[in-house]
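Inspection log for the structure reproduced underneath, given as structure tokens.
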Amino acid sequence: MGSPSCSIEDHLKYGDYVGRISSQFLEKKSFMLGELPESRYEAGVALALQSLGISSQEPVAGPAKDCLQAARRMGRTPNLNCANLAIKLSKINPYRAEIEWYKALCDRSDDQMGYYDSFKQRGASKRDSKVNLNRHKLARFWDNVINLFESNQLPHDFQRHRKWVYASHFYKLLVEPLDIAEYYRTGMHHSKGHYINHGRERRYQIFDRWWKGRNVRDEDNRRSKFASLTQDTCFWAKVEEARDLLDDVRSTRDQRHSALLWEKIDFFASHAKTLVEAKEVSIDVVAKNSSFSLWLMDYNEMKLQMLQFRPQFPSFMNGEIVP
């Protein structure tokens, strides 16, 4: 019996053995015709053609050889690209981890503004600048992933690979709130319109489709505490829109227009109430001085004054669900 090291060595040399045998086989068949292959790869191509019943003298031999070479390139490249992406993903994970650390600091801050508003109102500190730089680095990585996928340089079922579906989803949950904060911080909504319809990056829409297309098992997803990240990644954009809607209500005298505005406002309030009660939001949403908390106070006051309805989220207003 051979030693384990010999067995491993034989296994690693298996490809060489196959190549040599193929070359020897073809040499015997082609020697009389003077058609010795120039390399083991050429020998493999010639063997494949012969197995298809195609002689090297036939007119179709050239195109068939080209097809085999193209198939080889296409067969290996997507998998190699996928493997290289996995390596690159591991290298950018520290950028993501730094943003997670930043979020934890913001959520524990004494100003009680939370992650979204802290980034939106950030100063020129080194920490804030580093987080913003990391945001751009992660965006470049994921845009490159999409470019490779859409140009057929990744496996055709790449968007169903669990690793990439969950990695892209977590990226979206963590970073899109920062993109929204930057959009409104720089006043882009004044020139382009609100974020969801006019500013949302295409990569997030693609990742939405990947997430919805995943295989989902029936599970009980009820939460006992707030989510680490808000599950509706456009939540803060909806808060910003709802805030503008309240301003529009104050300025309009058209009752019909006012009714339409209130319909939109109440729809968002209902959506937010559902998310908060299901604990599908992060604690930064319910922070005392967050944009949402301030909007909610404004909303309830206007409801009491103008419509004399009971305020929404009574438990929230009483501080019962504030961490």
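The values are calculated or read from the model by the stated rules, or taken from the named source; none is laboratory data. Keep in mind that this is a model prediction, so the values were computed, not measured. Here the Cβ positions follow ideal geometry from the backbone for every residue, glycine too, while neighbour counts run over all protein chains shown.
Out of (1) farther than 28 Å from residue 289 by Cβ; (2) assigned to a loop (DSSP other than H, G, I, E, B), the odd one out for residue 124 is which?
Answer for residue 124: the failing condition is (1).
If you go through segment 119-128 one residue at a time, do you hit one that is of a type in the set (Gly, Ala, Ser), surrounded by 12 or more Cβ atoms within 10 Å (Cβ to Cβ), closer than 30 Å to residue 285 by Cα and in the same structural domain as residue 207 (by TED's automatic domain parsing)? Break it down stepwise before answering.
As a first pass, look at segment 119-128 and keep what is of a type in the set (Gly, Ala, Ser): 123-125.
The next check asks that each one be surrounded by 12 or more Cβ atoms within 10 Å (Cβ to Cβ); those that pass are none.
Checked against the condition, which is being of a type in the set (Gly, Ala, Ser), surrounded by 12 or more Cβ atoms within 10 Å (Cβ to Cβ), closer than 30 Å to residue 285 by Cα and in the same structural domain as residue 207 (by TED's automatic domain parsing), segment 119-128 yields no hits at all.
Answer yes or no as to whether residue 118 is part of a helix (DSSP H, G or I), touching a Cys at 6+ places or on another chain (Cβ under 7 Å) and at negative phi. Before you say what the answer is, go through the steps one by one.
Numbers: part of a helix (DSSP H, G or I): yes; touching a Cys at 6+ places or on another chain (Cβ under 7 Å): yes; at negative phi: yes.
It is true that residue 118 is part of a helix (DSSP H, G or I), touching a Cys at 6+ places or on another chain (Cβ under 7 Å) and at negative phi.
Do the conditions hold for residue 171, that is, is it of a type outside the set (D, E, K, R), closer than 22 Å to residue 200 by Cβ, touching a residue at least 12 places away in the same chain (Cβ under 8 Å) and in contact with a Ser or Thr (Cβ under 8 Å, 6 or more places away or on another chain)? Explain how you work it out, then say what you get.
Working: of a type outside the set (D, E, K, R): yes; closer than 22 Å to residue 200 by Cβ: yes; touching a residue at least 12 places away in the same chain (Cβ under 8 Å): yes; in contact with a Ser or Thr (Cβ under 8 Å, 6 or more places away or on another chain): no.
No; evaluated as a whole, the condition is false for this residue.
To keep it simple, each residue is scored yes or no on (1) within 28 Å of residue 173 (Cβ to Cβ); (2) surrounded by fewer than 12 Cβ atoms within 10 Å (Cβ to Cβ); (3) hydroxyl-bearing (Ser, Thr, Tyr); (4) at pLDDT below 90.
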{"site": "255", "(1), (2), (3), (4)": "no, yes, no, yes"}
{"site": "265", "(1), (2), (3), (4)": "yes, no, no, no"}
{"site": "276", "(1), (2), (3), (4)": "yes, no, no, no"}
{"site": "283", "(1), (2), (3), (4)": "yes, no, no, no"}
{"site": "308", "(1), (2), (3), (4)": "no, yes, no, yes"}
{"site": "316", "(1), (2), (3), (4)": "yes, no, no, yes"}
{"site": "323", "(1), (2), (3), (4)": "yes, yes, no, yes"}
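Could you say whether any residue in segment 221-237 is over 25 Å from residue 99 (Cα atoms) and without any contact (Cβ under 8 Å) to a residue 24 or more places away in the chain?
Yes: segment 221-237 contains one or more residues that are over 25 Å from residue 99 (Cα atoms) and without any contact (Cβ under 8 Å) to a residue 24 or more places away in the chain.
Just checking, which of 214, 209, 250, 243 is in a loop (DSSP other than H, G, I, E, B) and either out of contact with any Pro (no Cβ under 9 Å at 6 or more places or on another chain) or surrounded by fewer than 18 Cβ atoms within 10 Å (Cβ to Cβ) (or both)?
Details: 209 fails: in a loop (DSSP other than H, G, I, E, B); 250 fails: in a loop (DSSP other than H, G, I, E, B); 243 fails: in a loop (DSSP other than H, G, I, E, B).
Going through 214, 209, 250, 243 in turn, the sole match is 214.
Which residues, counting only those in segment 190-206, are part of a loop (DSSP other than H, G, I, E, B) and either farther than 15 Å from residue 143 by Cα or modelled with pLDDT under 95 (or both)?
Those that are part of a loop (DSSP other than H, G, I, E, B) and either farther than 15 Å from residue 143 by Cα or modelled with pLDDT under 95 (or both): 193, 194, 199.
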